[in-house]
Amino acid sequence: MMRTLEGRRIRPARGILVLTIVIVTVLGLLLVGGVAGLVVIAALLAYIFDPAVTSLEFRGLSRTAATVVFILSLTALLCLLSYFLIPILFAQIDLMRSEVTTEQTDLIISRLQTLVQQNLAVLGMEELDIHASIQTFKVQLSERVMKFLVEDSLALIIRLVTIPFMMFFFLKDGREMKKQLVQLVPNRYFEFSLDLLHKMDLQLGNYLRSQFLDALIFGAMSTVALWLMDVKYFLFIGIFAGLANLIPYVGPIAGVIPAVIVSVLETGDITKAIYVILVYVGLKLVDDFAVQPMVVARGVDVHPLLVLLAIMIGGHLFGMVGMLIAVPFAGFLKVVLQESVVTFRKYRFS
Amino acid sequence: MNGIRSRLFGRGRQEEPGKKIREILKSIPIFDGLSKRELTSVERILHERHYQTDEIIFRQEEPGMGMYIIESGTVGIVSEPASMQFSELHVGDFFGELALLDEAPRSATAVAKSPCRVFGFFQPDLFSLVERDPRLGVKIVLRLAQIIGSRLRRANEQALTLVEELRQLKQSGEKR
């Protein structure tokens, strides 16, 4: 507790408590409603794309007009990309379902199977049929993707409409929403909250935008490289490599594994796989020394141990998606906590 | 239909500017010479706050985020720790404007002397305004620089007067 000039007593924790209750209640309601994912994605995308809309405002458009122009341009770009990419995607799914392996691949798999059966029989692996397992996995994966695209198409369409719709309002009214949120803060913590939000915005904005841009560029580079090398399922693997690149240390390795496996299974030889690894090393060097210095304004250093823990917890809670968003989320938490402590110390709350 | 249109493209009731604050803004030197559209842009980034009597608006030595404009009530500017009030501000007055330019700690405490309604104009919002509407941003920053420049000139003149008075006092002391 502290005493004001006139001797009135103020509880320092009250404001923070009120704010925490408001945030937790809103998040709780959203989670119960099952729309949290959509709202978070729309808000995150709006946050990432906010500077693009601001730059349109800079050219003289009103906020609403700038938002409309941006959403229409983004939709046009996505439609154009879909026009070219969806046929390739469906072709690759069909290939995955129907394809049989080459003689050389059969030979390698047979050798591997004999090796496993002879040496790991003690672990109950004498009945293992690697060939059948691979085929089942490929069919299951392709069916799952197909099911998502065809059977869940209604939900997909709803998402594709809802997310840009929500994004439009987040982009157009985001500033007003932020203002309304700050208005809830008690007077004593008002300037502190503004200060904190501003600093978090500076750090997080740079961090999230650079991560997004880096993943996009690395994904595009990988897709093009794999396509040039004539690796099957290049689109899936390229997108996965871009997403995996979000994870430091293990991400780049995880990104190359599918390409290597597909190359070996396709040719029955490790030569192409070695080329794939070399190309990935080259791409990673380009990413580290050319792309990242350009797009990553200021990184958020997360300790390797924390990265590992974040990936494990993310994977445990939300599976693959959790693993991908774990590190950016850990970076987000680090910035929030760090800035909260630094800003809090500058104010005389205690 | 109008409802949907106003929701999608309208500015909303909350953003509709109050007449009184518009008149007050026009009278503040920082916003001098701004057009109606520009004043509306400024109004949209103001934060409305209400304070009870004796409530602290900002505290000496804490980081400053921006300035406040009084729409109703009275505000005292107090120096701590002596709690010495050296200024009392009323409707239409503004205070804390130096914080728009830097994050130096507040040089005094501002406390509400009666129930107050004030509008805050803060540095992050000013910088954001400069980014998206540089013409308006530059107008405000230039006016702010002119005000601070004229204050500096006045302070220099006062300092020179004080030096002169001190010299004369010394001379008269030596004669005695």
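The values are calculated or read from the model by the stated rules, or taken from the named source; none is laboratory data. Here the structure is a predicted model, which means the values were calculated and not measured. Every residue, glycine as well, gets a Cβ built from its backbone with ideal geometry; the counts of neighbours run over all protein chains shown. With ligands, DNA and RNA removed, areas are computed over all heavy atoms of the protein, side chains included. Shrake-Rupley method; radii C 1.70, N 1.55, O 1.52, S 1.80 Å.
So for A:Val231, A:Val264, what's the accessible-area order with a 1.4 Å probe, most first?
A:Val264, A:Val231
Under 5 Å between amide hydrogens, which residues at least 5 positions from B:Phe58 or on another chain qualify, with H placed 1.01 Å from N in the peptide plane?
Those qualifying (amide H under 5 Å, at least 5 residues apart or on another chain) are B:Ala110.
Give the share of C-alpha pairs in each 5 angstrom bin for the stretch B:16-175, from 0 to the last occupied bin, in whole percents, shortest bins first.
2, 8, 15, 18, 18, 14, 10, 6, 4, 3, 2, 1, 0, 0
Assuming R0 = 22 Å, can you tell me the calculated FRET efficiency for the pair B:Lys20 and B:Ile147, based on Cβ-Cβ distance, to the nearest 0.05?
Efficiency at R0 = 22 Å is approximately 0.45.
For B:Val141, what charge total do you get from the other residues with a beta carbon under 15 Å from its beta carbon, if Lys and Arg give +1 and Asp and Glu give -1?
With Lys, Arg at +1 and Asp, Glu at -1, the neighbours total -3.
In whole Å, what three semi-axes, largest first, describe the equivalent ellipsoid of the stretch A:231-350 built from its Cα gyration tensor (square root of 5 times each eigenvalue)?
The answer is 36, 16, 10 Å, longest axis first.
Working with all protein chains in place, sort A:His131, B:His50, A:His316, A:His198 by solvent-accessible area computed with a 1.4 Å probe, largest first.
Ranked list, largest accessible area first: A:His316, B:His50, A:His131, A:His198.
At 0.36 nm per residue, and after removing the present C-alpha to C-alpha distance, how many nm does the segment from A:Asp129 to A:Val40 gain when stretched out fully?
27.8 nm
Just to verify a number: FRET efficiency for B:Gln85 and A:Ala91, C-beta to C-beta distance, R0 = 56 Å, to 0.05?
Here the calculated transfer efficiency is 0.10.
What nm distance separates the two modelled labels at A:Leu306 and A:Trp227, each placed 7 Å from Cα along Cα→Cβ?
About 3.8 nm, to one decimal.
Could you work out the relative contact order of chain B? I mean the mean sequence separation of Cα pairs under 8 Å and 6+ apart, divided by the number of residues, in percent.
Taking the mean separation of contacting Cα pairs over the length of chain B, I get 24 percent.
Could you name the lysines whose alpha carbon sits less than 30 Å from that of B:Lys113, not counting residues in the same chain fewer than 8 places away?
A:Lys178, A:Lys179, A:Lys346, B:Lys19, B:Lys20, B:Lys26
Taking a spot 7 Å from the Cα of B:Ser114 along the direction of its beta carbon, which residues of the stretch B:64-83 have an amide N less than 16 Å from it?
B:70-77
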